[in-house]
1. For a quick check: with amide H placed at 1.01 Å from N, whose amide H comes under 5 Å from residue B:400's, ignoring anything fewer than 5 positions away on the same chain?
2. Taking all protein chains together and a probe of 1.4 Å, list B:431, B:506 from the most accessible to the least accessible.
3. To the nearest 10 degrees, how steep is helix B:72-84 against the longest Cα principal axis of chain B, on a 0 to 90 scale?
4. How high is the relative contact order of chain B, in percent, with contacts defined as C-alpha pairs under 8 Å that are six or more residues apart?
5. Provide the per residue accessible area, probe 1.4 Å, for the protein assembly as shown, rounded to a whole number of square angstrom.
6. Leaving ligands and nucleic acids out of the surface, order B:472, B:85 by accessible area at 1.4 Å, largest first.
7. Please give the charge dipole size of the protein assembly as shown, origin at the Cα centre, charges +1 on K and R Cβ atoms and -1 on D and E Cβ atoms. Round to the nearest 20 debye.
8. For region A:62-168, place one equal point scatterer on every Cα, skip the solvent, and apply the Debye formula. What is log10 of I(q)/I(0) at q = 0.13 Å⁻¹?
Amino acid sequence: MADATIQPAERGEDAHHTSLGLSNEKMGMWSLIGSECLFFGALISTYLIYLDRTADGPGPSEIFDIPFTSVSTFILLMSSLGMVLALAAVQSGDMRRFRVWTLATAGMGSVFLAGQIYEFTFFVEEGFGLTTSAFSSSFFVLTGFHGVHVAVGILMLLGIWAASLTGRLTPSHAGTVESIGLYWHFVDIVWIVLFTVVYLIPAE
Amino acid sequence: MTTTQEQPTTGGSAFRRPKATTGFGSWFTTIDHKKIGILYFATAFLFFSLGGIEALLLRTQLSSPDMAFLTRDQYNQLFTMHGLTMIFFGVMPLGSAAFNYLLPLMIGARDVAFPRLNALSYWVFLFAGIFLYSSVLLGGAPDGGWFAYAPLNVLGGDPLGETLGFASEQSARMMFYSLGLQLAGIASLASAVNFIVTILNMRAPGMTLMRMPVFIWMTLVTSVLMLFAMPVIGVALWQLMFDIGYGANFFNPALGGDPVLWQHMFWLFGHPEVYIIILPAFGIISEVLPVFSRKPLFGYTAIVFSGIAIGFMGWGVWAHHMFAVGLGPVANAAFALSTMFIAVPTGIKIFNWLGTMWGGQIRFRTPMLFAIGMVAMFTIGGLSGVTHAIVPHNYQQTDTYYVVAHFHYVMFGGAVFGLMAGFYYWFPKVKGRMMDERLGKLHFWLMLVGFNLAFGPMHVLGLQGMPRRVATYPDGMGWNLWNLVATVGGYMIALGFLVFVINVLKSRKGGLPAGDDPWDARTLEWSTTSPPPVHNFNEVPVVRTRDDFWNRKYASGDPSRTPLRVPSGGSGEAGADAGDVAHDIHMPDPSYYPLVAAFGMPIMAYGVLFTPILIAVGGVITIAGLFGWALEPSAEEH
């Protein structure tokens, strides 16, 4: 993938010649994402294996509130748009707009997390907790880990926001923003898979 | 990478970045890959020795029937810790030490792609080891075996997940297993990302993938395996942690959990892990054999592609660890076949190594002895490995000493012999001094004879039906003689390592000066000074062929040799002359933050064990460390 358009910015950023012409940061992020695919793969496999192991506890079709989760899913997916706009802003050198969109992206991620916390509390009150069954354990650990990833993404966004305030992050560091954007989009894409597998498919 | 000049940044950090690159304090802040490599080696060797002492205690207990030297509980803890230590804190990080030190030197780079991430990886690894061993003081070490079959390892006296506390003392011990390995996994993952990016992105101009030294290729395959295997065991360990600590039911059959899931996940990681351990040794051997045979490596392409093939096929054989589970004839047959197939690329390598030596002018120096020993011992281990692939045999052999014999021939005879070959080979580069040959040869022979005495008889013991993991055995089973021989062999290995330590301490300061290229070697690291300067190369080399350094030394048959050497400023001698050149090369400054970020992680792990407050404290420290890291200026202005 030769990003002819972003190349100049990247050159300024680290002034390194790299063998593949791709910045180290971006390639590191791609490697990490490859690793994360197996992480979520293992969690999703576990969930699918345990889908009917409810041990007389609530099953998937009895407990999930699909309209509620659809709304928080929508907000999370919109945050990807915020990320794109933040990257576009830093690439065009508009640091004020970059900070606005970075915070907006982090904010949408936080709303999603809050929704998940609410959902978890609601489930536990309904008698569907981590210890209820193998199914419940795999549900909470799978979606919980996704939540942890969103939280890590929010911390990274706050990091680049703070870095742009101190002047550590300038338009020449658009590559850094792009790498964090890759992570953020990846976490969103994983949620599309999870939302489909966990919420939509069992509802049929 | 032609320059390391960093973009000067505006703004500043509240803290001054540490500058010192020498002295005791610099070891805590260093981000120089060579110093991190040395730290990795020293730490890993310490853990390796600890694992060795544990092995000696085990062998002492088994030296004669009905021994009461250790209690059953102590024995269980010791063999668990022996396995964990050797695999995760001994042999694997010894490979990492070699990667760290050599990778940039061999590809003609000044540094790894993410120097501070490298430091983080080391500190997390160190803290993971300390965390795991702290269990000894806090109620006992893990005692569920290194593969910790769930839920056997968590079912103590009480039912699983009874309260938010721990079901039993034993499950608390297994929490150390879960958390300690998760920490070690973070370290592995960080270095895997770092090495992959470094290899793919930071090669010297002209060094195409097919011109890379085989060691670098094996580093790449190993790193890719780590990158994909670590998350799988990570998930299994998290699930174990939730089961023990928070009452989840992943492996609890009473509420729908499936114990076989643990085995699948564990071995889906565990088999690639075997290759993560052995591939670095394959790489080392492929560098050592040609140099001491004075011939190019025979079949470079075949060796590289068989390494890649192993990297892929290593994923398709995990269930051969589980034939006795009863997965059914179809699964057993499929995995029997795949297991036999994976012997093919390994066999290709062995024939290529033999082809390299064939007709060469072999110099039997210590590194070469270890390399030849590795080829021989690994072949024996490989052959007994093929016998496991035959399912009916496997039923007989599984969980007997035959398996112990097999994997020690592969892991010890393969990986450790290979690493020792590498150590003797590269020591002159690291220290600028030669190792003592006589002590080196004594080490080799003690180790070779001791190794075969210790593990050879275990084949017989296994076929005679002696199970593994038994704390003692009755008299009259016909096992007495071979157990005694194995114990004697174990002590001989220990003696060999004692000689090794003496040799290192002696040669570190008092060895003969090595010069830049003592072995008349082929790869780029020998074109710089010994020890290399902080910036590795005064001028980044341009590579035109495979074995470029060697080809230039012998260019057009010129006996005076024209080594691949920096033309500028008479840099043949390190120090004063190189200083002028070095002045313009700016390396990134050392940093406190990797240490800070890593320090928070074991605190979080203790928090899982004791109180959530510690999780929060550790989390804050780690996040603060990472923020400090992200916000610190990339370089102070000079």
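1. B:468
2. Highest to lowest solvent-accessible surface, that is B:506, B:431.
3. 30
4. Here the relative contact order equals 19 percent.
5. With the other protein chains kept in place, the protein assembly as shown gives 37 Å² per residue.
6. Largest to smallest exposure gives the sequence B:472, B:85.
7. Using Cβ point charges on Lys, Arg, Asp and Glu, the protein assembly as shown gives about 2760 debye.
8. Summing over Cα pairs of region A:62-168 leads to -0.56.
The values are calculated or read from the model by the stated rules, or taken from the named source; none is laboratory data. Since the structure is predicted, the reported quantities are computational estimates derived from the model, not experimental observations. Cβ: placed from backbone, ideal geometry, glycine included. Neighbour counts: every protein chain shown. Side chains included, ligands, DNA and RNA excluded: accessible areas come from the protein's heavy atoms. Shrake-Rupley method; radii C 1.70, N 1.55, O 1.52, S 1.80 Å.
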